[in-house]
Structure formats: C-alpha cells, structure tokens
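The values are calculated or read from the model by the stated rules, or taken from the named source; none is laboratory data. All values derive from a computational prediction rather than experimental measurement. Cβ sites come from the backbone with ideal geometry, for glycine too, and all protein chains shown count toward neighbours.
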Amino acid sequence: MKKDLMLGLKLKKIRLEKGYTLAQVGEKMKVDLVTIHKYENGKIPISDARLIQLAKIYDISMEELLLETLVREKIEKEEMLNNLIEEIKQFGAKDVLALYRMVQTLKKRTNKRKAIIS
C-alpha cells in the first residue's frame, strides 16, 4: 500500500476517534477541509510540519502517528525482497551474473551521489 495512503488512513482513523470533523481539523490547521480530505485519502503528501501540527491537535506523539506506517513499510519491503529472491533462484547463471553487475553499478551511482551531497 502506498505510504501516503497508509498514513492518510491512520490520520482519518485518529480524527474520527477524537471526534473531529474535516472542517474542524481544517480550521485548526488553517487549511480547507478538501486539503484534509486529500491528506486522508493519500491524494497529496503531508509535510513534516503538518504532521507535527496534526499530532498536537490530536494530542498524540509523532511516534504513535508514524509507527504503524513505518512497520508496514518494513514488512512490505521484506516481502518484496523475499519475492525477488525467489524469482532470482529461477534465473540461470548468466542472468544472475548480469543482475549482480547491475546491482554493483547502482551501488556505485548511489555512493557517488552520497559523496556529492556530503
């Protein structure tokens, strides 16, 4: 599931549990209710500043707000890796070698980007 949607669904659940309407949350955040609706449906990403604002409105910690999303992301990543490993097991030796070389090339590019940013 898409990260923005997972977080949005969590935000909606909390809003409803706290008894707020979209309009009430929008008013507290000084945005229109359509924006809150879009956050909750994963249509637009929510900034860190807005997440902090929502955590204060809902009187919850950022950890509580984000923990479930981060755990799900980790689980999905592990599932994708396990699926990829199963697919690779079916490759021939030449294909595995080609894939290995591609990974090494990507790794070098990533390291170069990190060096440029640093």
- request: Could you give me the residue pairs with C-beta distances under 6 Å whose first residue belongs to the stretch 52-70 and is more than 15 Å from E17 (Cβ to Cβ), whose second residue is not in a loop (DSSP other than H, G, I, E, B) wherever it lies, and which are 6+ apart or on separate chains?
  value: Q53/M29; M62/A55; T69/M6; T69/L7
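Just to check your reading of the model, which residue among M1, M80, M6 is in a helix (DSSP H, G or I), in contact with a Lys or Arg (Cβ under 8 Å, 6 or more places away or on another chain) and either at pLDDT 90 or above or within 30 Å of M102 (Cβ to Cβ) (or both)? Write out each step before concluding.
Working: M1 fails: in a helix (DSSP H, G or I); M80 fails: in contact with a Lys or Arg (Cβ under 8 Å, 6 or more places away or on another chain).
Result of the check over M1, M80, M6: M6.
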- request: Return the pairs, sorted by first residue and then second, in which the second residue is in a helix (DSSP H, G or I) and not small (G, A, S), the first residue lies in the stretch 95-113 and is free of Cβ contacts under 8 Å to residues at least 40 places away in the same chain, the beta carbons are less than 8 Å apart, and the residues are 6+ apart or on different chains.
  value: V96/I88; L99/I88
task: Please indicate, with yes or no, whether at least one residue in the stretch 30-45 is within 16 Å of K13 (Cα to Cα) and of a type in the set (D, E).
output: yes
query: Can you name the condition, by its number, that V34 falls short on among (1) part of a helix (DSSP H, G or I); (2) farther than 21 Å from K2 by Cβ; (3) at pLDDT 95 or above?
result: (2)
task: Mind counting the residues in the stretch 37-49 that are crowded, with 17+ Cβ neighbours inside 10 Å and part of a helix (DSSP H, G or I)?
output: 3
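Condition first: surrounded by 12 or more Cβ atoms within 10 Å (Cβ to Cβ), touching a Pro at 6+ places or on another chain (Cβ under 8 Å), in contact (Cβ under 8 Å) with a residue 24 or more places away in the chain and part of a helix (DSSP H, G or I). Can you find one or more residues in the stretch 14-25 that meet it?
Initial filter on the stretch 14-25 (surrounded by 12 or more Cβ atoms within 10 Å (Cβ to Cβ)): 14-15, 18, 20-22, 24-25.
With touching a Pro at 6+ places or on another chain (Cβ under 8 Å) added as a condition, the list becomes none.
No, because not a single residue in the stretch 14-25 is surrounded by 12 or more Cβ atoms within 10 Å (Cβ to Cβ), touching a Pro at 6+ places or on another chain (Cβ under 8 Å), in contact (Cβ under 8 Å) with a residue 24 or more places away in the chain and part of a helix (DSSP H, G or I).
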message: Please go through (1) aliphatic (A, V, I, L, M); (2) more than 17 Å from the chain's Cα centre (by Cα); (3) in a helix (DSSP H, G or I); (4) surrounded by 10 or more Cβ atoms within 10 Å (Cβ to Cβ) for I85 and return the number of the only condition it doesn't satisfy.
response: (4)
